[in-house]
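Everything on this sheet refers to the single structure shown next.
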Amino acid sequence: MNVFIYSLSLLTICFTLIPLIKHEYWIFRVFDYPRLQKLVLTAICFALLLGYFDRSVIFDWIALAVIMINGIYLSSQIMPFTPLAKKQVLYAKGNIQEQSVSLMVSNVYQDNKNTAGCLGEITRANPDVVLLLETNKRWDLETRGLSQEYPYHVRVPLENTYGMLLYSKLPLSATKIGYLVEKDIPSIHCVLTLRSGLEVQLYAVHPTPPVPNENPRSTERDKELLLIADLAKRSSRPVIVIGDLNDVAWSYTTELFLKMSGLLDPRRGRGFYNTFHAHYPFLRFPLDHAFFSTDFKLRELKRLSNFNSDHFPIFIKIQYEAKASEQQEALIPDAEDIQEATEKKQEPTEI
């Protein structure tokens, strides 16, 4: 039994250490995802070590100490995404409807046939802006009825699971479909005009994940996110970035994105709001995101009901406040962060 416990503990520690190797190959990056799962596994190892603990065996003392340190480290990594931590985005105290916008992001799963369920969830949530991901020509045709309530739209249906449909009740202008890194992976760039007349720069993204059947490296994903970060940082308008980033909220890449863009993550200080995988409760991660500049405050954040997709939709409502930037702070990059971001953007990719 001790051999099994030692082996499980060693494996758990390896799972924790692997992401610290900042290599772009998928085997290193995929272990960024299950941070909570690693903490649960660490707790199981700790309980087993205590249960079979022998004071006379020095290796038991070492194993118990190491697994305890592992648990403390993982807890510190998870803490910023729990209600125990400081909120990065404050709640809006008033209700200024003309300066507010609600957004729904949903990866529909291209092979999912339940378009009626998707449309029903949109009707119930009633967002101002809807972003549907993994949408092919069939999804495009079967959701065209949205144009009655959402007269402004950008449609990029594709059969490669990276199609995008953006619908809005609010005016969209300066629309551009970008292929920043890969020739078949689009992003939508446009200006969203709030009811007050305020113009907001909106980016919708869905980069490829670092997994063997998609892309063996995180290079393309990381590069696209950092290029979007540069655009957000240079924008003279308030900024919103939405989409399935195929990265968890706590990864070093997402944190680097936040530092380089100056945007905020409403999950920090609130919870995980896991969106994937909808069918496996123990294997859930926060992959679908909404980040925004410091001049927005939060009014509502919630996960919506699944309609046979492998993702849950996410709903967020935010409010522009001129003085919000004085009350909220973005993460600040240091020299090492800037150097790392520069190197990632210079990595050779498909385009």
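Results, tabulated for the structure shown:
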{"read-out": "Residue count, the stretch 202-221 (criterion: among the charged types (D, E, K, R) and part of a loop (DSSP other than H, G, I, E, B))", "value": "1"}
{"read-out": "Tally, over the stretch 1-34, of residues that are within 17 Å of Val211 (Cα to Cα) and surrounded by 15 or more Cβ atoms within 10 Å (Cβ to Cβ)", "value": "12"}
{"read-out": "Selection count where residues are within 19 Å of Gly163 (Cα to Cα) and either buried (at least 18 other Cβ atoms within 10 Å of the Cβ) or not basic (Lys, Arg) (or both), scope the stretch 98-116", "value": "13"}
{"read-out": "Residue selected from the stretch 36-92 under the condition at pLDDT 90 or above and basic (Lys, Arg), by the criterion surrounded by the fewest Cβ atoms within 10 Å (Cβ to Cβ)", "value": "Lys86"}
{"read-out": "Selection count, the stretch 279-303, where residues are more than 17 Å from Gln88 (Cβ to Cβ), part of a loop (DSSP other than H, G, I, E, B) and open to solvent by 20 Å² or more (accessible area, probe 1.4 Å)", "value": "6"}
{"read-out": "Selected residue (criterion: farthest from the chain's Cα centre (by Cα)) from residues of the stretch 180-228 that are within 26 Å of Ile96 (Cβ to Cβ) and open to solvent by less than 10 Å² (accessible area, probe 1.4 Å)", "value": "Leu194"}
{"read-out": "All positions within the stretch 313-351 that are in a loop (DSSP other than H, G, I, E, B), open to solvent by less than 70 Å² (accessible area, probe 1.4 Å) and either without any contact (Cβ under 8 Å) to a residue 60 or more places away in the chain or in contact with a helix residue (DSSP H, G or I) (Cβ under 8 Å, 6 or more places away or on another chain) (or both)", "value": "Pro313, Glu321, Ala330, Leu331, Pro333, Glu347, Thr349"}
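The values are calculated or read from the model by the stated rules, or taken from the named source; none is laboratory data. Please read all numbers here as calculations on a predicted model, not as lab measurements. Backbone-built Cβ (ideal geometry, glycine too); neighbour counts: all protein chains shown. Accessible surface areas use protein heavy atoms only, side chains included; no ligands, DNA or RNA. Shrake-Rupley method; radii C 1.70, N 1.55, O 1.52, S 1.80 Å.
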